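Please read the structure below before turning to the comments.
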Amino acid sequence: MYRKTMAAVLAAGLAISVNGVSTYIPAQAQSAPASSTAFDNKIIKKISADNMYNTIATLSAQPREAGTEGELIGAKYIKGKFEEYGYETELQPFPIYEAIRNNVSGTLEINGQSLNPYVFSGSYSGEVTAEIVHVGLALDGQVPDNVKGKIALIERGGITFVEKLQNVIDKGAVGVILYNNAGTGNNVGVADPGQNIPAVSITRAQGLALVEQLQKGPVEAHLKVTGSGFVEKTSYNVIASMKPNKNRDNGQVVLVGAHHDSVSGGPGANDDASGVSAVLELARVMAKVPTDTELRFVTFGAEEKGLLGSYHYAGTLSEEEADNIVAHFQMDMIGSKDAGADNPAGGLIMYTIDGQKNLVTDLAAAAGARTSEVIPYGQLGRSDHQPFHELGIPAALFIHSPVEPWYHTPADTIDKIDKNKLQQTAEIVGASVYQIARPDTPAMEHARVAPGPVPYEFEDRPVQ
Ligand code: BES
Ligand code: ZN
């Protein structure tokens, strides 16, 4: 398959022909091409940071929380732009469920002492008395069997609350106490519909005290929650596709994504109107170049609610459709003046779910070398590259880290956006996408003028 061939070419080095003699250059020995190629220029010279900036200004005029009118206005605007550029588009609705929180209450009693927990099982009502079992982070495949019939004590971190809750429900737990991994708060979010056991969360200090008590012997807890149900809302993905000419079509698809929803009350200029602006700009530029690969641009809804839009979209793909997708480029928070600290390339980094290089990172590191700077890679989820990775598709998140202080606040506004950062990221992703989609690959990979791979490093950089 092409997906493997391309990666293999990049990993193995290049076979080139000099004066009729075939020479093999190992990947490590190739030096980074100093400047963009004629192929890159077909894309990158046309990218306009002003266009991106204007898109962000339009989208961030109001919050776009999933399931609200603001999201729908944003989604329709994006769809209209894709149509203007000549794409086949679809507004893909999907249901999301929000707990009605105004009548939720709960109690947690341990050894006659009453704690005042946050109720995490927002819709469910129930009561249980059982022994507590500490199950650590409750990561996939790591929950002990002895939690059956017991209340699971879980530490926050690593995966989502909903996943943790599901992992212990699957092992037969009858209640959950989740404790924070930092700070003094106890507010963690809300369980999914159908996760019907009492679940509460407590502060880190309370959790650690409980862990200590458990080391001395068994502890029993009485847990009671009163929930008030869910309300169903609709969120949307916006999908735009352009197929190559039939006689050139190799059946492959490249995905370029961002999320258009914001947090409640946040204008989300950087998170993630910035990513959407680059998706739209690349769609505009790439609509005019011939390809042999389908270009599919998607903006996801309800990312902030737990990657719901990208999981929904990934779930609609048949096995064959998923198999034809050779790469997913996710752009999320790519324009903040105040992100990236003093790191090179303004802090731009590529995160993969497993912390391994893949086709996307290989291509983008090389494209960085040609267009501006080589960018490093690291390991992180927290965005819409996750579901595609789970389908076996090479995927990476492009983001500036560490993130800005305005992250998820009402101050995530257009005045904090840096056009140079938008331009650099769009160029790197655009040149990488075109490297796959241009009609002369993979034959081109063996030509003398073919762009080669570059060395690039893993970085364990904190994001916040
Ligand atoms: N853009 C962020 C992802 C992010 C934020 C990555 C900060 C690195 C540092 C994204 O929109 C987000 O906020 N994701 C959620 C997780 C999601 C599963 C709800 C998050 O990180 O809390
Ligand atoms: Zn985001």
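The values are calculated or read from the model by the stated rules, or taken from the named source; none is laboratory data. No experiment lies behind these values; they were computed from the predicted model shown. For neighbour counting, all protein chains shown are included, and Cβ atoms are generated from backbone atoms with ideal geometry for every residue, glycine included. Side chains included, ligands, DNA and RNA excluded: accessible areas come from the protein's heavy atoms. Shrake-Rupley method; radii C 1.70, N 1.55, O 1.52, S 1.80 Å.
Mind checking the per residue accessible area of the range 250-310 for me, 1.4 Å probe, whole number of Å²?
17
Can you give me the angle between helix 161-170 and the longest principal axis of the chain, using Cα atoms only, in degrees from 0 to 90, rounded to the nearest 10?
60
Hey, what number do you get for the chain at 222 nm if only DSSP H runs of n ≥ 4 count, each worth -39500 (n - 2.57), divided across all residues, to the nearest 500?
Numbers: 12 runs with 134 residues, N = 464.
That calculation yields -9000 deg cm²/dmol at 222 nm.
Give me the extension gain from Ile100 to Ser48: residue separation times 0.36 nm, minus the current Cα-Cα distance, reported in nm with one decimal. Don't skip to the end; give the middle numbers.
Numbers: separation 52, 0.36 × 52 = 18.72 nm, distance 4.32 nm.
My answer for the length gained is 14.4 nm.
Report, for the range 105-227, the % of DSSP beta bridges that are antiparallel, rounded to 5. Intermediate results must be reported in sequence, preceding the final value.
Values: 18 of 30 bridges.
Of the beta bridges lying entirely in the range 105-227, close to 60 percent run antiparallel.
Give the angle, between 0 and 90 degrees and rounded to the nearest 10, that separates the Cα long axis of helix 274-286 from the longest principal axis of the Cα atoms of the chain.
Once rounded, the angle reads 30 degrees.
Classify the range 105-227 as rounded, prolate or oblate from the Cα gyration tensor: take a ≥ b ≥ c as the square roots of its eigenvalues, call it rounded if a/c is under 1.5, otherwise prolate when a/b beats b/c and oblate if not.
Details: a/c = 1.15, a/b = 1.06, b/c = 1.09.
Here the range 105-227 falls in the rounded category.
Which angle from 0 to 90°, rounded to the nearest 10, does the C-alpha axis of helix 419-437 make with the longest principal axis of the chain?
70
Exactly which GluC sites (Glu not before Pro) in the range 419-459 are in a DSSP loop and have at most 10 other Cβ atoms within 10 Å?
The qualifying sites are Glu457.
Counting other C-beta atoms within 10 Å, and keeping those with at most 11, which DSSP coil trypsin sites (Lys or Arg not before Pro) do you find in the range 44-135? Please list the in-between numbers first.
Details: sites: Lys45, Lys46, Arg64, Lys76, Lys79, Lys81, Arg101; in loops: Lys45, Lys46, Arg64, Arg101.
Filter output for the range 44-135: Lys45.
With a ≥ b ≥ c the root eigenvalues of the C-alpha gyration tensor of the chain, is it rounded (a/c under 1.5), prolate (a/b larger than b/c) or oblate?
Values: a/c = 2.20, a/b = 1.81, b/c = 1.22.
Cα axes put the chain in the prolate bin.
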